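Chemist: Let me give you the structure first, and then I'll get to my questions.
The values are calculated or read from the model by the stated rules, or taken from the named source; none is laboratory data. This structure is a prediction, so every number in the text was calculated from the model and none was measured. With ideal geometry, Cβ positions are generated from the backbone for all residues, glycine too; neighbour counts draw on all protein chains shown. Remember, those area values only see protein heavy atoms, side chains included, never the ligands or the DNA or RNA. Shrake-Rupley method; radii C 1.70, N 1.55, O 1.52, S 1.80 Å.
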Amino acid sequence: MRTVLENEFKVGEQPEWHALSTKEIFERFEVNPDVGITNAECAKRRERFGSNVLTQKKGQPVWFRFLVQFNQPLVYILLAASFITLLLREWVDSAVIFGVVLVNSIIGFIQESKALKALDALSRTMTTQTTVLRNGSKHRVLSTELVPGDIVLMASGDKIPADMRIFQSRELQVNESALTGESLPVQKKLEPLDPGTVLADRTNMLYASTLVTYGQGRGVVIATGDRTEVGRISQLISTAEELETPLTKKIARFSHFLLYVILGMAGITFLVGLLRGQSAVEMFMASVALAVSAIPEGLPAAVTITLAIGVSRMARRRAIIRKLPAVETLGSTMMICSDKTGTLTKNQMTVQRIVAGSQAYEVTGAGYTPEGRIQKDSEPVDPALLPALKECLLAGVLCNESVLVEKGGRYEVEGDPTEGALIVSALKGAVSNPSDHEMRRLDAVPFESEHQYMATLHDAGEGRPRLIYMKGSVEQILVRCDNGLGQDGNIVPLDKRRVIQETEIIASGGLRVLAFARGLRPFGLGSLTHENLKSGMTFLGLQAMIDPPREEAIWAVQSCHTAGITVKMITGDHVLTATTIARQLGLKSHPKAKVEELVAVTGKDI
């Protein structure tokens, strides 16, 4: 068996770590999961594998980047014209022509330098701190110090610093949208998987740049730096060929054509003069003058200024353009292929539909900003006057481990995005989290993939029954419910078949559905177990959510269609969800198609 000390596994030849047992992985990395590696062994492995950083593509020196700005066919002609006019002692003409070329190059150099600084600032934000187990004790170290074989401890809110194989998990959930495009957190498991499992389905692996949203876990580092999946992507980008834009191709063709025409005219002029008895020196000077006058020295300046204006406008829209000619490419675009999560959508789960007391409600607004309302038939409703709706919203707030915070005028969720969406929907209905003295939490049963629900126990006041609020999958909640809550707040018989049918209708639209329930228990109850949650619950309702499309993305898609540009969405999300988002965005098989033809295929299909 090859170990990391005997051979250095490179990208492309690494074992299928997700298919190996944790015991095999510990043997390959020669590490005890309860002790970790020693500091001496860490130093030895860092010397062999390097620091846990992505290798930056070697930048070009400043002087070279400036000289590259002169590397254009039309500029060659202008430089030649400037030199010849200098020889002819046409000082003003020579200075003007060279000045145009110099200004053109300076503008291009400044713009490229700004773009490089912006990209460099983004790359410096990638370093983070992480908790590792070394010499049997925990240490906080920079992510750059990790080496293969390190034992890393993770908790909610941590950023994954390297590629790892999980060997301990307590309801660990990870947001992998940065790598896979999947907006929902992934529930992690420990069991080995089939060797052919695609990256997005490797539930026993953790990948650098992803984020822990819930739970705790431990993993052994199997790849760092350029050997990680993010590193592999970075290398592919750095080795990509730099293609010419349509504008640069047209200018190059025009420059060559103009060069041949000018040289041809100058040659004909020179020959005609000689045949008419003029001196060779006079005709040479006349030919040079003709060639210089035919060169459009104002063209490079006009093109550069026009492109600079376009780049400036793009910068105001937060788009970084590294090279000036790239801004013109959009004018020649026939098709745009875009990611879904975070690009076409907000990457913020949003409740859009609520069913409570046998009544269906719509929720307006999108994202984590608590702006919007709950309505029925386009008319706003007040949950305070609808007990079933209010209780359904309250359950989503109380049976919750996440927090909605405002940072610099922008709302963010600390914790699970799904739970964040429940907090926002409650705020839209003017239902906030009760204070501790009103509804103090006594105990909680965390969400577990085995049981598919979460429950919390609350103290409603001295001498009053204890309240249990529960959320989870529709099937697991329904089996624990004996009755339902009517629209007026009274207990009514529960039609479980109707609830399941309602759930299937909502889910067919690509929405994720959660069910909610409430239970009363004796005053003395102080803890929750799965045993005392098997029955006796009252069904409260459903909340359905989705990662909604950006309003500006809908407008952008319509603008592209108007311009004759086809827009394609490429995502790793579920087919139903992707199709629903595509319909909301107005994506069509062709911009001029009268009928939308929405066709979604999975990665396996491709």
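Chemist: Amide H neighbours of I570 under 5 Å, counting only residues 5+ apart in sequence or on other chains, H built in-plane at 1.01 Å?
Modeler: For I570, whose amide H was placed from the backbone, the distant partners under 5 Å are S338, D339, K340.
Chemist: Could you give the angle, 0 to 90 degrees to the nearest 10, between helix 280-294's Cα long axis and the longest principal axis of the Cα atoms of the chain?
Modeler: In the chain, helix 280-294 runs at an angle near 20 degrees to the longest axis.
Chemist: Within region 487-518, which residues have the backbone N less than 16 Å from the label spot 7 Å out from V575 along Cα→beta-carbon, could you tell me?
Modeler: 508-511
Chemist: Using the alpha-carbon centroid of each, what span in Å lies between region 131-145 and region 441-472?
Modeler: Cα centroid to Cα centroid, the span is 36 Å.
Chemist: Taking the C-alpha atoms of region 144-221, how large are the radius of gyration and the largest Cα-Cα span, Dmax, in Å?
Modeler: 11.4, 31
Chemist: Return one number: the angle in degrees, 0 to 90 and rounded to the nearest 10, between the long axis of the Cα atoms of helix 91-123 and the longest principal axis of the Cα atoms of the chain.
Modeler: 20 degrees
Chemist: While we're looking at this one, here's another question. So in the chain, what percent of DSSP beta bridges are antiparallel if you round to the nearest 5?
Modeler: 90 percent
Chemist: In nm, to one decimal, how far is the modelled label at F64 from the one at S358, with both set 7 Å along Cα→Cβ?
Modeler: Between F64 and S358, the simple spin-label model gives 7.6 nm.
Chemist: Further question on the same structure: From the backbone phi of region 170-179, what are the Karplus-calculated ³J(HN,Hα) couplings (6.51 cos²θ - 1.76 cosθ + 1.60, θ = phi - 60°) in whole Hz, Gly and Pro given as x?
Modeler: 10, 6, 6, 10, 10, 7, 10, 4, 5, 10
Chemist: When the Cα centres of region 371-403 and region 146-165 are compared, how far apart do they sit, in Å?
Modeler: First find each Cα centre; the distance between them is then 38 Å.
Chemist: Let me ask another. Note the full-extension length gain between E414 and Q129 as 0.36 nm times their separation in residues minus their Cα-Cα distance, in nm to one decimal.
Modeler: Numbers: separation 285, 0.36 × 285 = 102.60 nm, distance 1.79 nm.
Taking 0.36 nm per residue and subtracting the Cα distance, the gain is 100.8 nm.
Chemist: I'd like the orientation of helix 551-562 relative to the chain: the angle between its Cα long axis and the longest Cα principal axis, in ° from 0 to 90, rounded to 10.
Modeler: Compared with the principal axis, the helix lies near 40 degrees.
Chemist: At a 1.4 Å probe radius, carbon and sulfur cover how many percent of the accessible area of the chain?
Modeler: 56 percent
Chemist: In deg cm²/dmol, rounded to 500, what helix-only [θ] at 222 nm does the chain give when every DSSP H run of at least 4 residues adds -39500 (n - 2.57) and the total is split over its residues? Can you show the working numbers first?
Modeler: On the way: 17 runs with 220 residues, N = 606.
Dividing the helical sum by the residues of the chain leaves -11500 deg cm²/dmol.
Chemist: Rounded to two decimal places and with Rh computed the Kirkwood way over Cα pairs, what is Rg over Rh for region 288-422?
Modeler: Checking Rg against Rh, the ratio lands at 1.31.
Chemist: Roughly how large, in nm² to one decimal, is the mean projection of the convex hull of the alpha-carbon atoms in the chain? Before the final figure, lay out the partial values.
Modeler: Numbers: hull surface 152.3 nm².
Across all orientations, the chain yields a mean hull projection of 38.1 nm².
Chemist: If you count only protein heavy atoms with a 1.4 Å probe, what accessible area per residue comes out for region 500-555, rounded to a whole Å²? Don't jump to the answer; show the numbers that get you there.
Modeler: On the way: 2450 Å² over 56 residues.
I get 44 Å² per residue for region 500-555.
Chemist: Run the quick spin-label model on Q168 and A280: label points 7 Å from Cα toward the beta carbon, then report their separation in nm to one decimal.
Modeler: Each label point is offset 7 Å from its Cα along the Cβ direction, giving 9.2 nm.
Chemist: If you wrap a convex hull around the alpha carbons of region 382-484, what volume per residue comes out, as a whole number of Å³?
Modeler: It is 122 Å³ per residue.
Chemist: Between T350 and residues 5 or more places away or on another chain, which pairs have amide H atoms under 5 Å apart, with H built 1.01 Å from N, and which residues are they?
Modeler: Here the answer is I546, D547, since their amide H atoms fall under 5 Å of that of T350.
Chemist: Taking H as built 1.01 Å from N, whose amide H comes closer than 5 Å to the amide H of A223, not counting residues under 5 places away?
Modeler: Correct list: D163.
Chemist: Scanning the chain for chymotrypsin sites (Phe, Trp or Tyr not before Pro) in DSSP loops with at most 16 other Cβ atoms within 10 Å, what's the longest stretch left with none?
Modeler: Values: sites that count: F70, F523.
That gives 71-522 as the longest site-free run.
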